[in-house]
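Notes for the one structure printed next.
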Amino acid sequence: MTDKRLSVAPMIDWTTTEYRYFARLFNPNVYLYTEMISTGALLHGNRARHLRFDKGEHPIVLQLGGADVNEMTQCAEFAQQHDYDEVNINVGCPSDRVQHNKIGACLMAEPHTVADLVRHMQAAVDIPVTVKHRIGIDDFDSYEFMHQFVETVAAGGCTRFIVHARTAWLQGLSPKQNREVPPLRYDDVYRLKQDFPELAIEINGGIETIADIQNHLQHLDGVMIGRAFYHNPYLLAEANTLWDQPVPKRSDILAQLYPHLRQQVEKGEPLSTMARHYLGLFQGLSGARKWRQALSGKPHLTVEDIEQAAFEVLQLNPDA
């Protein structure tokens with residue numbers, strides 16, 4: 001796995017610093033992505049809050065949403081200043097909100113714009129600038145369309161592409177439907193790697209098991225998983241086998257988590273907000289439902305509440 005990459009996909013409202021800290025406890029090797037953060041949020045909002053992360057989250061990638069060359073370049077500089085390992089351009093999000101600002105999947109129709117972004121951002125920073133995109137948009141869904149997009153953006157200097165193996169429908173489908181309705185076309189991504197062997201090509205979309213990961217890695221340079229890792233975080237632990245490393249127990253992960261939670265509470269961070277990221281910890285085990293109930297909808301949740309709930313589930317699953 002030294003030349004391959006496994007990543008946790010950027011997910012709005014989900015891949016916060018609280019979640020990423022939790023995810024890192026399961027696996028030291030995976031790349032973690034921020035949520036997509038717009039250039040406007042960084043230029044005009046609480047930049048320090050948006051860009052904060054724990055040093056244990058490395059390797060970590062900042063995903064940016066934007067299309068203005070000057071703004072994107074400035075935000076890439078912020079990423080480097082804040083010690084991010086990489087910056088990624090979102091060319092895959094299909095929501096109406098981002099289309100209005102020419103962010104996300106609609107940029108697939110403007111490959112020269114994306115190439116220009118890469119060129120200027122890379123000139124300004126030393127960290128890699130990568131692109132995450134779809135296989136097509138609306139009726140522009142032929143393999144040739146994606147091939148031309150990648151060829152153009154690669155000419156701008158991008159050497160790593162993360163491909164969500166579905167077309168994005170910019171009209172008529174919600175973002176949720178866009179993750180589920182358009183058919184997966186893994187073979188198109190494999191073909192892309194064959195046509196551009198010099199580029200690092202990663203795949204995203206519908207990947208849910210270690211066997212799936214292993215299969216894709218026979219053809220490609222990396223695999224990115226979103227919801228499967230979020231809803232069943234222990235899959236991240238099981239993925240350690242890809243590096244021939246031991247799989248930690250849930251009890252060991254919790255032992256590392258508790259001191260962090262106490263620190264966050266002392267800083268004034270609401271524990272109930274953080275705990276929503278931990279609901280899938282015991283997915284598939286006895287007592288999993290009781291665990292979720294214990295952590296959900298409790299505005300005054302304490303670390304002791306979490307410890308007690310975990311103790312009860314671990315009693316039912318002593319090997320967990």
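The values are calculated or read from the model by the stated rules, or taken from the named source; none is laboratory data. Just so we're clear, the structure is a prediction, and the values are computed from it rather than from any experiment. So basically every Cβ, Gly included, is an ideal-geometry build from the backbone, and we count neighbours across all protein chains shown. For the accessible areas, the whole protein counts, side chains as well, though only heavy atoms, and no ligand, DNA or RNA atoms are used. Shrake-Rupley method; radii C 1.70, N 1.55, O 1.52, S 1.80 Å.
Return yes or no: is Arg47 crowded, with 21+ Cβ neighbours inside 10 Å, basic (Lys, Arg) and touching a residue at least 12 places away in the same chain (Cβ under 8 Å)?
On the way: crowded, with 21+ Cβ neighbours inside 10 Å: no; basic (Lys, Arg): yes; touching a residue at least 12 places away in the same chain (Cβ under 8 Å): yes.
For Arg47, the condition - crowded, with 21+ Cβ neighbours inside 10 Å, basic (Lys, Arg) and touching a residue at least 12 places away in the same chain (Cβ under 8 Å) - is not met.
Identify the residue in segment 264-274 that is over 13 Å from Thr17 (Cβ atoms) and in a helix (DSSP H, G or I) and, among all such residues, is most open to solvent (accessible area, probe 1.4 Å).
Glu266
Of the numbered conditions (1) surrounded by fewer than 17 Cβ atoms within 10 Å (Cβ to Cβ); (2) over 15 Å from Asn88 (Cα atoms); (3) not hydroxyl-bearing (Ser, Thr, Tyr), Arg166 satisfies every one except a single condition; which is it?
Result: Arg166 fails condition (1) only.
Counting only residues that are open to solvent by 50 Å² or more (accessible area, probe 1.4 Å), touching a helix residue (DSSP H, G or I) at 6+ places or on another chain (Cβ under 6 Å) and modelled with pLDDT of 95 or more, how many does segment 280-318 have?
Of the residues in segment 280-318, 1 are open to solvent by 50 Å² or more (accessible area, probe 1.4 Å), touching a helix residue (DSSP H, G or I) at 6+ places or on another chain (Cβ under 6 Å) and modelled with pLDDT of 95 or more.
When you go through His277, His260 one by one, which is the residue that is closer than 22 Å to Thr16 by Cα, of a type outside the set (A, V, I, L, M, F, W, C) and touching a helix residue (DSSP H, G or I) at 6+ places or on another chain (Cβ under 6 Å)? Before you say what the answer is, go through the steps one by one.
On the way: His260 fails: touching a helix residue (DSSP H, G or I) at 6+ places or on another chain (Cβ under 6 Å).
Checking each option against the conditions leaves just His277.
Hey, can you tell me all the residues within segment 160-207 that are among the charged types (D, E, K, R) and touching a Leu at 6+ places or on another chain (Cβ under 8 Å)? Let's see the steps before the verdict.
Residues of segment 160-207 that are among the charged types (D, E, K, R), as a first pass: 160, 166, 176, 179-180, 185, 187-188, 191, 193, 195, 198, 202.
Answer for segment 160-207, where residues must be among the charged types (D, E, K, R) and touching a Leu at 6+ places or on another chain (Cβ under 8 Å): Arg160, Arg166, Lys193, Glu202.
Give segment 301-320 a look and list any residue that's in contact (Cβ under 8 Å) with a residue 40 or more places away in the chain and either among the aliphatic types (A, V, I, L, M) or assigned to a helix (DSSP H, G or I) (or both), or say none.
Val303, Ile306, Glu307, Ala310, Leu314, Ala320
Condition check ((1) within 22 Å of Pro128 (Cα to Cα); (2) in contact with a Gly (Cβ under 8 Å, 6 or more places away or on another chain); (3) surrounded by fewer than 20 Cβ atoms within 10 Å (Cβ to Cβ)) across all residues:
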position: Asp187; (1), (2), (3): no, no, yes
position: Gln194; (1), (2), (3): no, no, yes
position: Ile203; (1), (2), (3): yes, yes, no
position: Ile207; (1), (2), (3): no, no, no
position: Ile210; (1), (2), (3): no, no, yes
position: Arg227; (1), (2), (3): no, no, yes
position: His231; (1), (2), (3): no, yes, yes
position: Ala239; (1), (2), (3): no, no, no
position: Leu242; (1), (2), (3): no, no, yes
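Is there any pair linking a residue in segment 260-277 that is of a type outside the set (Phe, Trp, Tyr) to one that is surrounded by fewer than 19 Cβ atoms within 10 Å (Cβ to Cβ) and not in a helix (DSSP H, G or I), with Cβ under 6 Å and at least six apart or on different chains, and which?
Taking only residues 6 or more apart or on different chains, the pairs are Ser272/Lys298; Ser272/Pro299.
Taking into account only those residues within segment 124-161 that are modelled with pLDDT under 95 and of a type in the set (Asp, Glu), which is nearest to Val189 (Cα to Cα)?
In this case the residue turns out to be Asp141.
Please pick out the residue among Ala79, Ala105, Ala115 that is open to solvent by less than 20 Å² (accessible area, probe 1.4 Å), over 21 Å from the mean Cα position of the chain (by Cα) and in contact (Cβ under 8 Å) with a residue 40 or more places away in the chain.
Exactly one residue qualifies, and that residue is Ala115.
Look through Ile201, Ile225, Ile213 and report the one residue that is free of Cβ contacts under 8 Å to residues at least 60 places away in the same chain and not hydroxyl-bearing (Ser, Thr, Tyr).
Criteria check complete, one pass: Ile201.
Condition check: more than 30 Å from Ser251 (Cα to Cα), without any contact (Cβ under 8 Å) to a residue 40 or more places away in the chain and of a type in the set (Val, Ile, Thr). Does Ile89 satisfy that?
no
With the condition being within 30 Å of Val247 (Cβ to Cβ), I'd like the helices (runs of 4 or more DSSP H) fully within segment 15-134 carrying at least 2 qualifying residues.
Values: elements: 17-26, 39-44, 47-51, 69-81, 96-100, 111-124.
Because the criterion is at least 2 residues that are within 30 Å of Val247 (Cβ to Cβ), the helices (runs of 4 or more DSSP H) in segment 15-134 that meet it are 17-26.
Only one of Gln177, Gln218 is without any contact (Cβ under 8 Å) to a residue 12 or more places away in the chain, loosely packed, with under 14 Cβ neighbours inside 10 Å and farther than 21 Å from Asp139 by Cα; which?
Gln218
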